[in-house]
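The values are calculated or read from the model by the stated rules, or taken from the named source; none is laboratory data. All values derive from a computational prediction rather than experimental measurement. Here the Cβ positions follow ideal geometry from the backbone for every residue, glycine too, while neighbour counts run over all protein chains shown. We work out accessible area using only protein heavy atoms, side chains counted, and drop any ligands, DNA or RNA first. Shrake-Rupley method; radii C 1.70, N 1.55, O 1.52, S 1.80 Å.
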Amino acid sequence: RVVAVGAVVAAVAAVAFAAWVRTLPGVQGTPVVEGSGTDVASGLLAVAWTVTGAVLLWLRPRNALGWLLVIVGVCQAAQHGLAAYGGYGVALAEPPWPLATWAAWLATGLWVPGLAPLFGLLPALYPNGRLASRWWRWPVGAAAVGVGLLMVAMMLDPQGYDDIATGPSPFAAPAVAVVCAVVGGVLLAASTLVIWVGSVVRLVRARSPERQQLAWLFFVVVGWILVSVIASSNAVFVALGFLIPVAVAVGVLRYRLLGIEVVVR
């Protein structure tokens with residue numbers, strides 16, 4: 001419970017700091033700083049994920065989903081805070097803020113663990129926080145490795161740093177970044193596909209109450225992806241993203257609500 005409360009406080013503080021940076025002189029109209037974690041809606045979405053994970057940790061401490069959502073939310077919120085600190089601290093602050101270049105460098109990769117696990121790991125652990133069988137360890141492990149490699153690739157890519165702050169990256173290795181991006185992308189894409197196919201099989205074979213719980217996740221996540229792709233708008237992606245923590249919480253705690261099987265049919 002201490003971890004749950006601490007995670008929420010840290011996420012709120014990071015997002016609040018990013019929002020405060022948005023009000024500082026010179027930020028408006030500066031593309032680098034505007035794109036560095038100062039999007040308030042995305043920050044609130046990170047807080048929503050963190051709060052949902054914290055609630056699950058509080059009520060279901062043995063359910064790994066709570067830990068997963070807390071990690072996702074905190075990484076996303078930290079990315080906002082560090083990107084805002086690094087972007088403003090490097091480009092506009094006089095004198096430059098301490099360690100601003102390293103804050104911006106770390107922020108370039110944190111968005112990966114702040115988003116990718118929702119697609120690759122969440123279905124495998126949902127709804128009870130345990131893997132359905134031993135063979136799930138392979139795609140879940142591959143997905144985790146893929147997320148880690150993509151995070152490293154983003155941090156070693158000098159172009160990724162340019163999206164956060166001006167000037168040269170404090171630590172870049174373009175060749176290594178390409179290798180990590182290719183290997184990590186293949187691992188994450190392949191494992192995510194396997195996990196979702198396996199989840200569909202689980203849904204078809206599941207009995208009550210697991211069937212209702214799986215239906216909640218499929219109904220919201222698949223809808224989120226399809227509508228976001230069709231709309232091709234970040235605003236729609238963020239707005240519908242708030243349904244993910246709701247679906248997870250309802251699926252774990254109140255899965256019989258609204259007769260979800262009737263809705264899916």
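Please give the direction-averaged projected area of the C-alpha convex hull for segment 37-95, in square nanometres with one decimal.
Working: hull surface 16.9 nm².
Orientation-averaged projected area of the Cα hull: 4.2 nm².
Express the C-alpha Rg of segment 1-131 as a ratio against the empirical globular expectation 2.2 N^0.38 Å, rounded to two decimals.
Details: Rg = 15.7 Å, N = 131, 2.2 N^0.38 = 14.0 Å.
Cα-based Rg divided by the globular estimate yields 1.12.
Rg over Rh for segment 183-255 works out to 1.03, both radii taken from alpha-carbon positions and Rh defined as the Kirkwood radius. Relative to the longest principal axis of the Cα atoms of the chain, the long axis of helix 40-59 makes an angle of roughly 50 degrees.
Based on the reciprocal of the average 1/r between different C-alpha atoms, the Kirkwood radius for segment 119-198 equals 13.6 Å. Under the criterion of Cα pairs below 8 Å and six or more residues apart, the relative contact order for segment 134-182 equals 39 percent.
Computed on the chain, the Cα convex hull volume stands at 127 Å³ per residue. For L253 and A173, the FRET efficiency from 1/(1 + (r/R0)^6), where r spans their Cβ atoms and R0 equals 41 Å, is about 0.35.
Arrange the peptides 89-96, 117-124 so that the one whose residues have, on average, the most other Cβ atoms within 10 Å appears first.
Working: 89-96: 15.8, 117-124: 21.6.
Ranking the peptides 89-96, 117-124 by packing returns 117-124, 89-96.
The simple Förster model, with R0 at 22 Å and r as the Cβ-Cβ distance, assigns V40 and L99 a FRET efficiency of 0.35.
Using mean Cβ contacts within 10 Å as the protection proxy, how do 73-86, 150-163, 189-202, 41-54 order, highest first? Intermediate values should be presented prior to the final figure.
Working: 73-86: 27.5, 150-163: 20.2, 189-202: 16.6, 41-54: 23.5.
Top of the packing list down: 73-86, 41-54, 150-163, 189-202.
The figure for F171 is an accessible area of roughly 110 square angstrom, using a 1.4 Å probe on the protein chains alone.
Based on DSSP H segments of at least four residues, each scored -39500 (n - 2.57), the chain has a per-residue ellipticity at 222 nm of -23500 deg cm²/dmol. Between A181, A132, A103, the Gaussian network model of the chain with springs among Cα atoms under 10 angstrom shows the greatest mean-square fluctuation at A132.
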